[in-house]
Amino acid sequence: METTLLSFPSYKPPPSQTQTLKPTNPFLHSSKPKFPSFKPTTPFPSIKAAISRTKKEETVERVKSQLENCYLIAAVKYTGFTVKQFQELRRSLPESSKLLVAKNTLVLKAIEGTPWEALKPCMKGMNAWLFVHSEEIPDAIKPYRTFQKEKKVENDFTGAVFEGKFYGPGEFKQLENMPTRAEIYAKLLGSLQSPAIGLVGTLQAPARDVVMILQAYVKKLEEESGQ
């Protein structure tokens, strides 16, 4: 007698019953809080702009310091100069003269409200600025004329101010031909040797020459009295 084996499908509990439930952290999947973005109404000044402003202020103050005891300011056309040429020119100047490169706007700001405002016609193009702290004006201009000839530089003066008066490029001969202190002393001695004629000639001389002659005469008398 044959027996028949009956097979029954194996029972598997539903997945919901076999899976273990893991505790969930409500903070792991929580979305990040959203805050309103802040945009400044006016942009903050950059470091570069602040440095640039500081340099400009320093340049203005540097120019102002050169105005003290200054007898003449002249502008020289700077375009075309090499660094080497400019350094050589600086070395050729007397100690009483200073040559600076500064923007016209900064120089104009430094001289605002002073007699040097007469330099306004020079505020064009690129300029180097010659500050002369001596009464010997011809001696201060001569080194640049020598430099022009030796280096064959075409750059010329664009203007100058002396005693509140503006001198254009075509008037520089007046400045270059001004009498030196030695020449004024010689003129004084000549006046003393022939009083009548010398006094008339002295009184007819420009006001600056008369003042310097009188100063020299007073100095001479002081020296004689001290001996």
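Only residues that are of a type outside the set (Ser, Thr, Tyr) and part of a strand (DSSP E or B): list them for the range 163-180, please. Talk me through it step by step, then tell me what you get.
Applying the first criterion (of a type outside the set (Ser, Thr, Tyr)) to the range 163-180 yields 163-166, 168-179.
Selection gives LYS165, PHE166.
Need the failing condition index for THR59 against (1) open to solvent by less than 60 Å² (accessible area, probe 1.4 Å); (2) out of contact with any Leu (no Cβ under 6 Å at 6 or more places or on another chain); (3) of a type outside the set (A, V, I, L, M, F, W, C), just the number.
Against the list (1) open to solvent by less than 60 Å² (accessible area, probe 1.4 Å); (2) out of contact with any Leu (no Cβ under 6 Å at 6 or more places or on another chain); (3) of a type outside the set (A, V, I, L, M, F, W, C), THR59 comes up short only on (2).
For every residue, the table says whether it meets (1) modelled with pLDDT of 90 or more; (2) in contact with a His (Cβ under 9 Å, 6 or more places away or on another chain); (3) in a strand (DSSP E or B); (4) open to solvent by less than 20 Å² (accessible area, probe 1.4 Å).
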position: GLU88; (1), (2), (3), (4): yes, no, no, no
position: THR105; (1), (2), (3), (4): yes, no, no, no
position: LYS120; (1), (2), (3), (4): yes, no, no, no
position: PHE131; (1), (2), (3), (4): yes, no, yes, yes
position: ASP139; (1), (2), (3), (4): yes, no, no, no
position: PHE147; (1), (2), (3), (4): yes, no, no, yes
position: GLU154; (1), (2), (3), (4): no, no, no, no
position: VAL161; (1), (2), (3), (4): yes, no, yes, yes
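Hey, can you tell me all the residues within the range 163-186 that are among the acidic types (Asp, Glu) and at pLDDT 90 or above? Don't jump to the end; show me each part of the working.
To start, the set of residues in the range 163-186 that are among the acidic types (Asp, Glu) comprises 163, 171, 176, 183.
Hits for the range 163-186 are GLU163, GLU171, GLU176.
Does LYS109 satisfy the criteria of being assigned to a loop (DSSP other than H, G, I, E, B) and among the basic types (Lys, Arg)? Please lay out each step first, then the result.
Values: assigned to a loop (DSSP other than H, G, I, E, B): no; among the basic types (Lys, Arg): yes.
It is false that LYS109 is assigned to a loop (DSSP other than H, G, I, E, B) and among the basic types (Lys, Arg).
Looking only at residues in the range 46-79 that are modelled with pLDDT of 85 or more, in a helix (DSSP H, G or I) and among the polar types (S, T, N, Q), which one is farthest from VAL101 (Cα to Cα)?
Ranking the candidates gives THR54 first.
I'd like the full set of residues that are under 19 Å from ARG62 (Cα atoms) and of a type in the set (Asp, Glu), limited to the range 82-131.
Those that are under 19 Å from ARG62 (Cα atoms) and of a type in the set (Asp, Glu): GLU95, GLU112, GLU117.
Of the conditions (1) out of contact with any helix residue (DSSP H, G or I) (no Cβ under 9 Å at 6 or more places or on another chain); (2) among the acidic types (Asp, Glu); (3) within 27 Å of LYS56 (Cα to Cα), ASP139 clears all except one; give me its number.
(3)
The values are calculated or read from the model by the stated rules, or taken from the named source; none is laboratory data. Computed from a predicted structure; not experimentally measured. A quick note on method: Cβ atoms are made from the backbone with ideal geometry, for glycine too, and the neighbour counts reach across all protein chains shown. Just so you know, the surface numbers come from the protein's heavy atoms only, side chains and all, with ligands and any DNA or RNA stripped out. Shrake-Rupley method; radii C 1.70, N 1.55, O 1.52, S 1.80 Å.
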